[in-house]
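Chemist: Mind looking over this structure? Questions follow.
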Amino acid sequence: MIDALPPLREVVTRHGLDAKKTLGQNFLFDLNLTGRIARAAGPFDDTVVVEIGPGPGGLTRALLAQGAKVIAIERDARCLPALEEIAQHYPGRLTVVEGDALAIDVADLARAHGADGKARICANLPYNVATALLTRWIEAEPWPSVFDRYVLMFQKEVALRIVATPKNRADYGRLAVLCGWRTKARLLFDVSPAAFTPPPKVTSSVVELVPNPAPLPCDAPALTRVTQAAFGQRRKMLRQSLKSLGVDAATLLARAGLEETRRAEEIDVAGFVALANAFSAR
Ligand code: SAM
């Protein structure tokens, strides 16, 4: 037991929180697991933690029990009464924001709650919007943002795409380049489908992303354009795949110092940054 609140299964039954697939609802009831995820985001010293999708509040309770101040963004209004019970148990430590996390500036929200550069994001993300949320957070300006760590659960397949390098060709792509540019990402541990209610079809993984305080200078939209073009035809040579940018690919590659015959999956983050900068300067 981590607090005097009722067990999560009872909370879910009492509030009629049957899981909705459209909202990516796969709940965690195992206190050892929620505790482990929260510890990976800690230690907390009244640290502001933004949690996306608290649902009935399993991970929220683990974060609070370990000393975090939590701002939880939840889209499903059915979860609000259950979260209100937790807020009452931890006076002044839990703020619940009803809304779509994709439409909320999480850095502004954390700052409005007193975060001063030591805020975190910790979440068992809804899988249908997980990549969109991560991309938005990593492309945010200014960088580094108010968050000093992101501890996030994804489908394992997405987690592998986040931490991939050119050595892991099949998984290496736009997401790895973006995350590798602005963060140091590593896979912490896998979570079996059986840990969730209802169980998803695939294994999940918890990933830690620590912001790089001084990433190579680069314009995020330009990096997106060149990685989209290059990985859109990942088996083709760059002189071919980059034609879709509507510029002279040979000149662009020469300016970036890259051989025309290389393929996207062989180019490291520094190479893509050089390409994005050549594209911006055209
Ligand atoms: N944190 C809980 C847990 O670990 O048991 C629930 C995690 S469940 C995988 C994802 C949660 O995100 C659900 O509660 C769902 O309602 C919520 N959600 C889905 N889409 C959302 C969105 N766009 N913005 C905020 N919350 C969302």
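Chemist: So for the range 166-184 (the condition being part of a strand (DSSP E or B), under 20 Å from the mean Cα position of the chain (by Cα), modelled with pLDDT of 95 or more and away from the ligand (no atom under 16 Å from the Cβ)), does at least one residue qualify? Write out each step before concluding.
Modeler: First pass over the range 166-184, keeping only residues part of a strand (DSSP E or B): 183-184.
Adding the requirement that they be under 20 Å from the mean Cα position of the chain (by Cα) leaves 183-184.
Still in the list and also modelled with pLDDT of 95 or more: 183-184.
Restricting the remaining residues to those that are away from the ligand (no atom under 16 Å from the Cβ) gives 183-184.
Yes, that holds for at least one residue.
Chemist: Another one. If you scan the range 117-157, which residues turn out to be farther than 19 Å from ARG174 by Cβ, away from the ligand (no atom under 16 Å from the Cβ) and in contact (Cβ under 8 Å) with a residue 12 or more places away in the chain?
Modeler: Filtering the range 117-157 for residues farther than 19 Å from ARG174 by Cβ gives 117-124, 126, 142, 144-149, 151, 153.
If we keep only those that are away from the ligand (no atom under 16 Å from the Cβ) too, we end up with 117-119, 142, 144-149.
Of everything in the range 117-157, those that are farther than 19 Å from ARG174 by Cβ, away from the ligand (no atom under 16 Å from the Cβ) and in contact (Cβ under 8 Å) with a residue 12 or more places away in the chain turn out to be GLY117, LYS118, ALA119, PRO144, SER145, VAL146, PHE147, ASP148, ARG149.
Chemist: Which of the helices (runs of 4 or more DSSP H) contained wholly in the range 21-90 include at least 3 residues that are closer than 21 Å to LEU187 by Cα and either more than 7 Å from the ligand (Cβ to nearest atom) or touching a residue at least 12 places away in the same chain (Cβ under 8 Å) (or both)?
Modeler: Hits in the range 21-90: 31-41, 58-65.
Chemist: Ok, one more. For residues that are closer than 19 Å to LEU275 by Cα and touching a residue at least 60 places away in the same chain (Cβ under 8 Å), tally how many sit in the range 177-217.
Modeler: Going through the range 177-217 one residue at a time, the tally reaches 5.
Chemist: Among LEU252, LEU258, which is surrounded by 14 or more Cβ atoms within 10 Å (Cβ to Cβ) and in a loop (DSSP other than H, G, I, E, B)? Explain how you work it out, then say what you get.
Modeler: Values: LEU252 fails: in a loop (DSSP other than H, G, I, E, B).
Matching residue, one of LEU252, LEU258: LEU258.
Chemist: OK, next. Does the range 218-226 contain at least one residue that is β-branched (Val, Ile, Thr), at pLDDT 95 or above and touching a helix residue (DSSP H, G or I) at 6+ places or on another chain (Cβ under 6 Å)? If you could, list the steps in order and put the result at the bottom.
Modeler: Of all residues in the range 218-226, those β-branched (Val, Ile, Thr) come to 224, 226.
Still in the list and also at pLDDT 95 or above: 224, 226.
If we keep only those that are touching a helix residue (DSSP H, G or I) at 6+ places or on another chain (Cβ under 6 Å) too, we end up with 226.
Within the range 218-226, one or more residues are β-branched (Val, Ile, Thr), at pLDDT 95 or above and touching a helix residue (DSSP H, G or I) at 6+ places or on another chain (Cβ under 6 Å).
Chemist: Hey, any hits in the range 165-175 for a residue that's touching a strand residue (DSSP E or B) at 6+ places or on another chain (Cβ under 8 Å), surrounded by 18 or more Cβ atoms within 10 Å (Cβ to Cβ), assigned by TED's automatic domain parsing to the domain that holds ALA101 and touching a residue at least 24 places away in the same chain (Cβ under 8 Å)?
Modeler: Filtering the range 165-175 for residues touching a strand residue (DSSP E or B) at 6+ places or on another chain (Cβ under 8 Å) gives none.
Scanning the range 165-175 turns up no residue that is touching a strand residue (DSSP E or B) at 6+ places or on another chain (Cβ under 8 Å), surrounded by 18 or more Cβ atoms within 10 Å (Cβ to Cβ), assigned by TED's automatic domain parsing to the domain that holds ALA101 and touching a residue at least 24 places away in the same chain (Cβ under 8 Å).
Chemist: Does LEU63 qualify as being closer than 13 Å to VAL151 by Cα and touching a Phe, Trp or Tyr at 6+ places or on another chain (Cβ under 9 Å)? So that I can check it myself, show each step before the final result.
Modeler: Values: closer than 13 Å to VAL151 by Cα: yes; touching a Phe, Trp or Tyr at 6+ places or on another chain (Cβ under 9 Å): yes.
So LEU63 fits the description; yes.
The values are calculated or read from the model by the stated rules, or taken from the named source; none is laboratory data. Since we're looking at a predicted model, the values are computed, not measured. Quick reminder, even Gly has a Cβ in these numbers, built from the backbone with ideal geometry, and neighbours come from all protein chains shown.
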